[in-house]
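**Q** Below you will find the structure I want to go over with you.
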Amino acid sequence: MPTTARKIASFPLAVKMVMIDLDGTLIDTVPDLAAAANRMLADLDRPAWGIEHYRAWIGNGVPRFVKRALTGEMQAEPDAALNERGLALFRQHYGEAVSNLSRPYPGVVEALEQLTDQGYALACITNKAEVFTLPLLKNLELHKYFKLVLSGDSLPKQKPDPLPLQHACRHFGIDAAHGVLVGDSSNDVHAARAAGMPVICVTYGYNHGHDIRQSLPDAVVDSLMEIPQYLKLYA
């Protein structure tokens, strides 16, 4: 079993609900995001970036992602008019090809099947806008596994705020201690900690190039197939 860090509960965790992040946890979405961003840049007569840049820039939502593509920096602010045009172009291009190149990570489908069979309620909690989230999940035939999908614009706040996690707990009628968040970034760890919930992170995915272990999740796994060994169904 992989090394654990800063446990807030003993393993196996007694939970009813498993919440799973989308980009970088369930699905490798970088290829489509990068393609859409480079089409946006071409429309603006700006040079394209390599996919390794986009892997580091994912997180914090589409508006910040577009700003990073326009400036080449994590927190820089482009010209307002350029940013407005770029954001509109990106949304158009990404919406037209949200799942052309994106694929679930190895073991994801098998893990979702196993967790469903074992009786856990599954929720997908993402900062991606619903207009992209739902087609992506449906096109890749993952939507059927989730009893709840919360996108970045479903609620007034998104991760790392705990509101989406708290909303999911209310939806399923459980305490935070009886849910677990599975993600890939420090945003997921911060959201879970604020909600008083355990969190397990994957070693792959998008965390701005930083080792997720530095954020001290309760456990770190190399595949979603490892998740069930950390859990037992809360009765």
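The values are calculated or read from the model by the stated rules, or taken from the named source; none is laboratory data. Predicted, not measured: the structure shown is a model, and the values here were computed from it. In this analysis, Cβ positions are derived from the backbone assuming ideal geometry, glycine residues included, and neighbour counts consider all displayed protein chains.
**Q** Return yes or no: is Glu141 loosely packed, with under 15 Cβ neighbours inside 10 Å, modelled with pLDDT of 95 or more and at positive phi? Talk me through it step by step, then tell me what you get.
**A** Details: loosely packed, with under 15 Cβ neighbours inside 10 Å: yes; modelled with pLDDT of 95 or more: yes; at positive phi: yes.
So Glu141 fits the description; yes.
**Q** Considering segment 156-174 alone, what residues qualify as being within 23 Å of Gln229 (Cβ to Cβ) and charged (D, E, K, R)?
**A** none
Conditions (1) part of a helix (DSSP H, G or I); (2) more than 28 Å from Ile125 (Cβ to Cβ), marked per residue:
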{"position": "Met19", "(1), (2)": "no, no"}
{"position": "Ala34", "(1), (2)": "yes, no"}
{"position": "Leu41", "(1), (2)": "yes, yes"}
{"position": "Asn60", "(1), (2)": "no, no"}
{"position": "Met74", "(1), (2)": "no, no"}
{"position": "Pro78", "(1), (2)": "no, yes"}
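**Q** Here's a follow-up. With respect to Val108, is the statement that it is more than 22 Å from Val131 (Cα to Cα), β-branched (Val, Ile, Thr) and modelled with pLDDT of 95 or more true? Can you show your working first?
**A** Working: more than 22 Å from Val131 (Cα to Cα): yes; β-branched (Val, Ile, Thr): yes; modelled with pLDDT of 95 or more: yes.
Yes, satisfied.
For (1) of a type outside the set (D, E, K, R); (2) buried (at least 17 other Cβ atoms within 10 Å of the Cβ); (3) on the phi > 0 side of the Ramachandran plot, each residue gets a yes or a no:
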position: Ala97; (1), (2), (3): yes, no, no
position: Asn100; (1), (2), (3): yes, no, no
position: Tyr105; (1), (2), (3): yes, yes, no
position: Ile125; (1), (2), (3): yes, yes, no
position: Pro135; (1), (2), (3): yes, no, no
position: Lys147; (1), (2), (3): no, no, no
position: Leu155; (1), (2), (3): yes, no, no
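**Q** Report whether or not Asp28 is closer than 26 Å to Cys124 by Cβ, surrounded by 18 or more Cβ atoms within 10 Å (Cβ to Cβ) and touching an Asp or Glu at 6+ places or on another chain (Cβ under 9 Å).
**A** Values: closer than 26 Å to Cys124 by Cβ: yes; surrounded by 18 or more Cβ atoms within 10 Å (Cβ to Cβ): yes; touching an Asp or Glu at 6+ places or on another chain (Cβ under 9 Å): no.
No: the conditions fail for Asp28.
**Q** Another question about this same structure. Mind counting the residues in segment 142-164 that are assigned to a strand (DSSP E or B) and under 20 Å from Ser186 (Cα atoms)? Don't jump to the end; show me each part of the working.
**A** Step one: filter segment 142-164 for residues assigned to a strand (DSSP E or B), giving 148-150.
So of that shortlist, the ones also under 20 Å from Ser186 (Cα atoms) come out as 150.
Here the count works out to 1.
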